[in-house]
1. So which residues in the stretch 26-57 are of a type in the set (D, E, K, R) and not in a loop (DSSP other than H, G, I, E, B)?
2. Looking at Ile35, Ile20 in this structure, which one is of a type outside the set (Ser, Thr, Tyr) and in contact with a helix residue (DSSP H, G or I) (Cβ under 6 Å, 6 or more places away or on another chain)?
3. Considering only the stretch 261-272, I want to know if a residue exists there that is modelled with pLDDT of 95 or more, within 14 Å of the ligand (Cβ to nearest atom) and in contact with a Pro (Cβ under 7 Å, 6 or more places away or on another chain).
4. Please find, among Ile160, Ile201, the residue that is more than 16 Å from the ligand (Cβ to nearest atom) and open to solvent by less than 10 Å² (accessible area, probe 1.4 Å).
5. Looking at Leu232, Leu219, which is the one that is touching a residue at least 12 places away in the same chain (Cβ under 8 Å), open to solvent by 20 Å² or more (accessible area, probe 1.4 Å) and either in the same structural domain as Ala168 (by TED's automatic domain parsing) or assigned to a loop (DSSP other than H, G, I, E, B) (or both)?
6. When you scan the stretch 229-243, how many residues do you find that are touching a Cys at 6+ places or on another chain (Cβ under 9 Å) and either under 17 Å from His286 (Cβ atoms) or near the ligand (Cβ under 8 Å from one of its atoms) (or both)?
7. Where residues in the stretch 355-387 are assigned to a strand (DSSP E or B) and of a type outside the set (Phe, Trp, Tyr), which of them is farthest from Thr322 (Cα to Cα)?
8. Please find, within the stretch 65-114, the residue that is least open to solvent (accessible area, probe 1.4 Å) out of those that are within 16 Å of the ligand (Cβ to nearest atom) and assigned to a loop (DSSP other than H, G, I, E, B).
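The values are calculated or read from the model by the stated rules, or taken from the named source; none is laboratory data. Remember, it's a predicted structure, so these values are computed and weren't measured experimentally. Quick reminder, even Gly has a Cβ in these numbers, built from the backbone with ideal geometry, and neighbours come from all protein chains shown. Heavy atoms of the whole protein, side chains included, go into the accessibility calculation; ligands, DNA and RNA do not. Shrake-Rupley method; radii C 1.70, N 1.55, O 1.52, S 1.80 Å.
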Amino acid sequence: MPFPVADRFKHLPPYLFAEIDKRKKAAVAAGHDVINLGIGDPDTPTPKVIIDALKEAADDPSTHQYALDNGDPAFRKQIAAFFKKRFKVELDPETEIYPTIGSKEGLANFAFAFVNPGDITLVPEPCYPVYRGATYFAGGVPLYMDLTEENDFFPDFDRIDPRDAKRAKVLWLNYPNSPTGKLATKAFFEKAVAFAKKHEIIILQDAAYTEMFFDGPALSILEIPGGKDVALELHSCSKTFSMTGWRAGWACGNRELVAGLGRMKSNVDSGIFTAVQRAATVALQHYDEIVPPLMAMYKQRRDTFCNGLKAIGWKVRPPEATFYCWIRVPQGYTSTQTTMKLIDEAHIITVPGNGFGAPGEGYVRATLTVPEARLAEAVDRIKKLKW
Ligand SMILES: Cc1ncc(COP(=O)(O)O)c(C=O)c1O
């Protein structure tokens, strides 16, 4: 019997990383020594202090029941303390913070909470595919804003037709940016807040990488005067603390937006395991011991890989933030052709730039999630290829 999935899937290409994973598995099955620079998943384990906190919390039966409402009060308080120290922004733990099951879930549920059928959402491209997917699922219409080297990977709000701006409900932003590795400037965030205020648009700023910067510090849009009037920011423990599998993050900012997301969430999930929230609280408490050494490691990797590629004639702007390298493909090749050649002939997995949206054509994305020696090996393999 045919059981076709709902029509809402028809706008979506196959989920990008699932396709790459299939190819990676084929290369491994063929016995190749694969260097995986594909998906952004830290290779270092979650720090022990966080694992120990989880074990202790899991032994406490009071963590075993539904984690309803807006999450563990101690976690929200810790997030507020972190935010004050890191960004000098005061957040009310009761009304301006809401724990999420990683940031991805928050991004997707946010669209259901605020996007009506037919609403425009302004989506930067290339981008994390969830902004596009969540918009479609909610019945919205994405209007793309190109991020290119020419515009320094910032959307140009002056190019948006005022009629579209009037119909727009949401402006998606993501800084530090995946896949381009770009950090937001204060001037850009100020421009975004002014644009959103003028057209009464919500800003959904995906801040999954705010703690992964080399040339920072990365800003929160909530630091910008008026930011809290229009913005919700999604943060994540995933990459900062090597906790991708744990599913811990939070939304914060404008209280109406926080409440709307919470209302949506209360209808579709029943919170994050309280033991995970306690462990995430401990992660934030130990930020100073955990995060700077991790970032020093990624910086070393970035320098080895990007300098190595540059030395063999490739064009790459070392990322200012995130662990992604956004690399120009060789002349005469498309993103997909380059990715396939790298897999087939060098057994290196990257992601074709056009998979993040049309303006990503001409690039591949490589992630710094293997040890430095493997990155040096990857450069050696690439050097031997004939283009
Ligand atoms: C830009 C961006 N936002 C959000 C996420 C989701 O991360 P998580 O749900 O683990 O917090 C990712 C994951 O790769 C990402 O690249």
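1. So in the stretch 26-57, the residues of a type in the set (D, E, K, R) come out as 33, 41, 43, 48, 52, 55-56.
Matches in the stretch 26-57: Lys48, Asp52, Lys55, Glu56.
2. Working: Ile20 fails: in contact with a helix residue (DSSP H, G or I) (Cβ under 6 Å, 6 or more places away or on another chain).
Checking each option against the conditions leaves just Ile35.
3. The answer is yes, given that some residue of the stretch 261-272 is modelled with pLDDT of 95 or more, within 14 Å of the ligand (Cβ to nearest atom) and in contact with a Pro (Cβ under 7 Å, 6 or more places away or on another chain).
4. Working: Ile160 fails: open to solvent by less than 10 Å² (accessible area, probe 1.4 Å).
On inspection, the qualifying residue turns out to be Ile201.
5. Values: Leu232 fails: open to solvent by 20 Å² or more (accessible area, probe 1.4 Å).
Selected residue: Leu219, the only one of Leu232, Leu219 that is touching a residue at least 12 places away in the same chain (Cβ under 8 Å), open to solvent by 20 Å² or more (accessible area, probe 1.4 Å) and either in the same structural domain as Ala168 (by TED's automatic domain parsing) or assigned to a loop (DSSP other than H, G, I, E, B) (or both).
6. Initial filter on the stretch 229-243 (touching a Cys at 6+ places or on another chain (Cβ under 9 Å)): 232-235, 243.
Within this subset, residues satisfying the condition of being either under 17 Å from His286 (Cβ atoms) or near the ligand (Cβ under 8 Å from one of its atoms) (or both) are 234-235, 243.
Residues flagged as touching a Cys at 6+ places or on another chain (Cβ under 9 Å) and either under 17 Å from His286 (Cβ atoms) or near the ligand (Cβ under 8 Å from one of its atoms) (or both) within the stretch 229-243 amount to 3.
7. So the first thing to find is which residues in the stretch 355-387 are assigned to a strand (DSSP E or B), and the list is 363-367.
Then drop every residue that is not of a type outside the set (Phe, Trp, Tyr), which leaves 364-367.
Details: Val364: 15, Arg365: 12, Ala366: 11, Thr367: 9 Å.
Ranking the candidates gives Val364 first.
8. The residue in question is Gly71.
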